[in-house]
Amino acid sequence: MTHPRRLAALTLASALSGSLAARVDTDFPKMTWNQVLSEARGQTVNFYMWGGSENINTYVDTVVAPRLKTLGVTLKRVPVTDTVQAVNKVLGEKTAGRNANGSVDLIWINGENFRTAKQGKLLFTNWAEKLPNARFVNWQSPAVRNDFGERVAGAESPWGSTQWQYVYDSARVKDKDLPRSFGELAAWAKAHPGRFTFVAPPAFYGNRFLRQALFELAGGPKVFQGGFSEAVWKRESPKLWSYLADLRPNLWRGGKTFPADIAQQYQLLANGEVDFAFVQNVSGIAPEVNRGLLPRTARVYLFDAGTVADYHYVAIPYNSGRKAGALVLANLLLDPAMQLRKLDPKGWGDGLAVDPSRVNAAFAAKVKATLKAGPYTLDPAVLAKNAFGDVNAEYDRRVQDGFRDFLAR
């Protein structure tokens, strides 16, 4: 039987804990960071994130989690196959009236799902630019302040940056034969039937591949700049479906099936079933080659029209029961030392979310030394010269829906 004094103490502790949680909800901008750290100690943060990359999972489990533990916070990585699963979980809790102590604390979120979550009022707001390490982020950059055309508005914090690149096996495809546009890709596939494929939407790599094609077929991404335009979509999207109709018979397995994720496509390339794949890491494919996921003869390159470069973010659900811990984790992800570890091609190879000039000269020098151009990594200057931003997230959703209808036809 619990002693009355012990029961009273437990009740008081519970009440104090609830009071502190409420303070983060309503008073975070007024709190000191030491107060946030104090509240976060002992919390376990449920970090919902895409779990399809061994490199990324290893980075989170062996680099981020131990550092977070030194701050008294435990990281529980919850893998999902699609970010929408995490957003739908929060939406389901809101529908059920679970407006506090929700099960999701931090989401590695993409532009389309960020827009959905923001419009559905599913996110904690007014926090991202107030993190101590947010001072290293260039918030004046339109690329940072807008996620797929949606204003970030303090509701998500950048974690890293990416740029779309093409992967090929140099043992089977020579440089002079590389397709450098979508028109040339279709001609190459016709001359080499069954040797090309892409990940099926709604998986991220499939969405981005098809949007890259749409941009080029329409004459460039500027056609889609600004908010979503129904007129632009109706005028330009038929070009994509016509292109795919011509390409499909020449795809791997006759276009009757597609890789489920990028890991499966890497396996197809490594096994010699296809000759091309894709990568987003600014370090290229060095991490995948180092881990044996891709052959040492694999290389990276760009199409002549350039490729999408953007940032990726983390967001905190409005009903998270461990907001203090989530804030501490989001801040840690921006720590310059953690960003440098993430950039290392021996690990993840993901691009920076911080601006080296806002850290210090020594950090900028380490970044330059880490991103050395080589057989698996393109020169950062080349990437920057050939980069352009993504467009409104509604185009992404329309591409997914359109691809499903295309397959049905």
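The values are calculated or read from the model by the stated rules, or taken from the named source; none is laboratory data. Just so we're clear, the structure is a prediction, and the values are computed from it rather than from any experiment. Don't worry about glycine lacking a Cβ; one is built from the backbone with ideal geometry, like all the others, and counts go over all protein chains shown.
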Original post:
When you go through (1) surrounded by fewer than 24 Cβ atoms within 10 Å (Cβ to Cβ); (2) under 23 Å from Thr74 (Cα atoms); (3) touching a helix residue (DSSP H, G or I) at 6+ places or on another chain (Cβ under 6 Å) one by one for Pro356, which number turns out not to apply?
Top reply: (2)
Original post:
In region 156-175, what residues are within 21 Å of the chain's Cα centre (by Cα) and surrounded by fewer than 18 Cβ atoms within 10 Å (Cβ to Cβ)?
Top reply: none
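For every residue, the table says whether it meets (1) under 23 Å from Ser181 (Cβ atoms); (2) at pLDDT 95 or above.
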{"position": "Pro249", "(1), (2)": "yes, yes"}
{"position": "Trp252", "(1), (2)": "yes, yes"}
{"position": "Ala260", "(1), (2)": "no, no"}
{"position": "Tyr266", "(1), (2)": "no, yes"}
{"position": "Ala270", "(1), (2)": "no, yes"}
{"position": "Glu273", "(1), (2)": "no, yes"}
{"position": "Val289", "(1), (2)": "no, no"}
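Quick grid of which residues meet (1) touching a residue at least 24 places away in the same chain (Cβ under 8 Å); (2) under 27 Å from the mean Cα position of the chain (by Cα):
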residue: Asp177; (1), (2): no, no
residue: Lys190; (1), (2): yes, no
residue: Pro193; (1), (2): yes, no
residue: Arg208; (1), (2): yes, yes
residue: Leu217; (1), (2): yes, yes
residue: Gly220; (1), (2): yes, yes
residue: Phe228; (1), (2): yes, yes
residue: Arg248; (1), (2): no, no
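So that you can scan it fast, the table gives a plain yes or no per residue for (1) in contact (Cβ under 8 Å) with a residue 40 or more places away in the chain; (2) touching a helix residue (DSSP H, G or I) at 6+ places or on another chain (Cβ under 9 Å); (3) not in a helix (DSSP H, G or I):
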| residue | (1), (2), (3) |
| --- | --- |
| Val36 | yes, yes, no |
| Val60 | no, no, no |
| Asp82 | yes, yes, yes |
| Gly97 | no, no, yes |
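Scan Glu112, Glu129 and give me the residue that is of a type in the set (D, E, K, R), surrounded by fewer than 22 Cβ atoms within 10 Å (Cβ to Cβ) and part of a helix (DSSP H, G or I).
Result of the check over Glu112, Glu129: Glu129.
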Subject >> Residue pairs meeting the criteria (Cβ under 6 Å; at least 6 apart or on separate chains; first part of a loop (DSSP other than H, G, I, E, B), in region 355-366; second surrounded by 13 or more Cβ atoms within 10 Å (Cβ to Cβ)) >> reply: Asp355/Asn138
Original post:
Which of the following residues is part of a helix (DSSP H, G or I), polar (S, T, N, Q) and touching a residue at least 60 places away in the same chain (Cβ under 8 Å): Asn55, Asn46, Asn88?
Top reply: Asn55
Original post:
In this structure, is Phe136 outside the structural domain of Arg397 (by TED's automatic domain parsing), within 17 Å of Val87 (Cβ to Cβ), crowded, with 19+ Cβ neighbours inside 10 Å and not small (Gly, Ala, Ser)?
Top reply: no
Subject >> Scope region 382-406; condition without any contact (Cβ under 8 Å) to a residue 12 or more places away in the chain and more than 22 Å from the chain's Cα centre (by Cα); matching residues >> reply: Asp405
**OP:** Look through Ala203, Ala153 and report the one residue that is of a type outside the set (Phe, Trp, Tyr), buried (at least 18 other Cβ atoms within 10 Å of the Cβ) and closer than 25 Å to Ala315 by Cβ.
**Re:** Ala203
